[in-house]
Amino acid sequence: MYRPTRYAMLEALASLGFAVGDIRLVINTHLHFDHCGGNRIFPGTPIFVQGAEFEAARAEHYTVREYFDFPDAQYRLLRGQAEVARGVSVLPTPGHTIGHQSVVVDSEDGPVIIAGQAAETAEQFMRLEVESEEGATSLRLLYDLTPARVYFSHDHAVWERSVQE
């Protein structure tokens, strides 16, 4: 299932009309290599992550060390729910990792969630099916926000409330 299409970060930003200097903050759902690999492109930029995830990432073989630990890395360690910018919050959603977090963005249609790997797929999210009880609790928390849309890290499908109603 995991067959990512890789894009060079600088080219991806440029295709959207942005440059590195335009980025004011970075949010990592967790610090596995495939979720923090672009961090080193943003030295000096605040990177928001749960403190528990930061501590886990310091262990041997957790992630690619140079993706996580690089000169002028500016981690902002969170302990729970936090608003990191106007209309952008993070919620702890442990399960996939101990310090996993999801991103909630306020929109006119209702909350839009970047679930990361709180669920692997839109179908898992819809059925609230994950392997651990902790992960199931995290999914219920996200589901109870009655989101307009939910995006997942490793599934191109988007869960939409309007489709489910």
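Coordinate-derived values only; no laboratory data. In this text the structure is predicted, and so the values were computed from the model without any measurement. Here the Cβ positions follow ideal geometry from the backbone for every residue, glycine too, while neighbour counts run over all protein chains shown.
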Open item on the list: I want to verify a result. In a Gaussian network model of the chain, Cα cutoff 10 Å, which of these has the top mean-square fluctuation: Ser138, Ser102, Ser153?
Closed with: Ser153
Open item on the list: Full-extension gain between Asp72 and Arg58, please, as 0.36 nm times their residue separation minus the C-alpha to C-alpha distance.
Closed with: 3.4 nm
Open item on the list: I'd like the orientation of helix 133-143 relative to the chain: the angle between its Cα long axis and the longest Cα principal axis, in ° from 0 to 90, rounded to 10.
Closed with: 80 degrees
Task: Spin-label pair Arg86/Glu123, simplified geometry with 7 Å Cα→Cβ offset, distance in nm - done: 4.2 nm
Task: Of the trypsin sites (Lys or Arg not before Pro) in segment 1-81, those whose Cβ has at most 10 other Cβ within 10 Å and which sit in DSSP loop - done: Arg6, Arg24, Arg79
Open item on the list: Show me the GluC sites (Glu not before Pro) within segment 1-98 that DSSP assigns to loop and that have at most 14 other Cβ atoms within 10 Å of their Cβ.
Closed with: Glu60
TODO: Divide, for segment 1-62, the radius of gyration over alpha carbons by 2.2 N^0.38 Å, where N is the residue count.
DONE: 1.24
Task: Charge context of Ser153, other residues only, Cβ under 10 angstrom, K/R +1, D/E -1 - done: -3
Task: Difference of contour (0.36 nm per residue) and Cα-Cα distance, Glu133 to Phe18 - done: 37.4 nm
Task: Mean projection area, nm², convex hull over Cα of segment 9-164 - done: 9.4 nm²
Open item on the list: Using only the Cα atoms of segment 29-104, what semi-axes does the equivalent ellipsoid have when each is the square root of 5 times a gyration tensor eigenvalue? Give whole Å, largest first.
Closed with: 19, 16, 10
